[in-house]
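The structure appears below as structure tokens.
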Amino acid sequence: MVWELLFVVFIVLVGAFVQGASGFGLGLVVMGFLPFILSVKESTLLVLSFLAATALTILVKNYRSIKLKGLIIFVVASFAGRIASFFVLTTYGEMDVLKTWLGVFLIGLVVYLYFSNKKNVSLKKINPFVPLSLGLLNGFFGGLFAVGGTFLVVYCLYLYKEDKHRYTANVQVVTLMTSSFSLLLHGVNGDFDLSFLLYFAVGLVSVIIGAILGLRWFEKLPTSMIRTIAMMLVLVAALNLILFS
């Protein structure tokens, strides 16, 4: 149990640092490794709670930059996706095969992030289908694997590419809302136990420290460098999940 707690502390610290420095990444990093010691369902619930805590920590500094214009459709669609993922995770979350699916999905995300060409698109030119589809994907995979933030980041980069403070603030506020919604659904369903509270209490310290350190680097390092390192970590973890789950 001790080494497992230390493992959680370290992985969450790294993930929260990446989240603070680049606006996303905690789910990608932590979900790449946590399923080695917990089920996918347990890992997802923990990461969702860490995501909410990290987002709240980052928002303390950036809340003045919140501007939800253009995100309403995205958020509503995300809530719909969260409801769908709740039923899938509740039904299949304890199955080991879900770890293999997670590994494949993580590799797909890494490949997409590596080859994607993010262009600055005017809000007025965005078809409503874009936030609707990205929101559904964010909600479903965010609620199932806690790694839907990629779709949120892509959309926010479209809207706020020239203002990194507004970009990170809006990513965090949507992350906080959607993660809290998923946690509420699972809480009502009675999916939390004492072991969850122990892991959360230990990881919460790492979340706060990692996010604060990441915010300091946010002003100094190119976010692309942080994201590249995070993607390399996730790729290795995803391959391990596929080969050894």
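What follows draws every value from the coordinates through simple rules; no lab data is involved. Model, not experiment: these values are computed from the prediction. A quick note on method: Cβ atoms are made from the backbone with ideal geometry, for glycine too, and the neighbour counts reach across all protein chains shown.
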Taking R0 as 25 Å, what's the FRET efficiency between Thr228 and Lys69 from their Cβ-Cβ distance, rounded to 0.05? 0.20
How large, in Å, is segment 15-244 by the Kirkwood hydrodynamic radius built from its alpha-carbon pairs? 17.3 Å
Sum of -39500 (n - 2.57) over DSSP H runs of 4+, divided by residues of the chain (222 nm, nearest 500): -26500 deg cm²/dmol
Amide N of segment 20-56 lying under 14 Å from the label point, which is placed 7 angstrom from the Cα of Asn240 along Cα→Cβ: 29-38
At a threshold of 8 angstrom on Cα-Cα distance, excluding pairs fewer than six apart, so keeping six or more, what relative contact order does the chain reach in percent? 42 percent
Segment 80-205 - percent relative contact order, Cα under 8 Å, separation 6 or more: 32 percent
Straight-line reach from Lys164: which aspartates and glutamates have a Cα under 15 Å away, not including same-chain ones fewer than 8 places off? Glu219
Could you order peptides 53-59, 201-207 by the average number of other Cβ atoms within 10 Å of their residues, highest first? 53-59, 201-207
List every DSSP H helix in the chain whose Cα atoms extend 27 Å or more along the helix's own long axis and whose mean Kyte-Doolittle hydropathy is at least 1.0. 2-22, 40-62, 72-92, 97-115, 194-218, 223-244
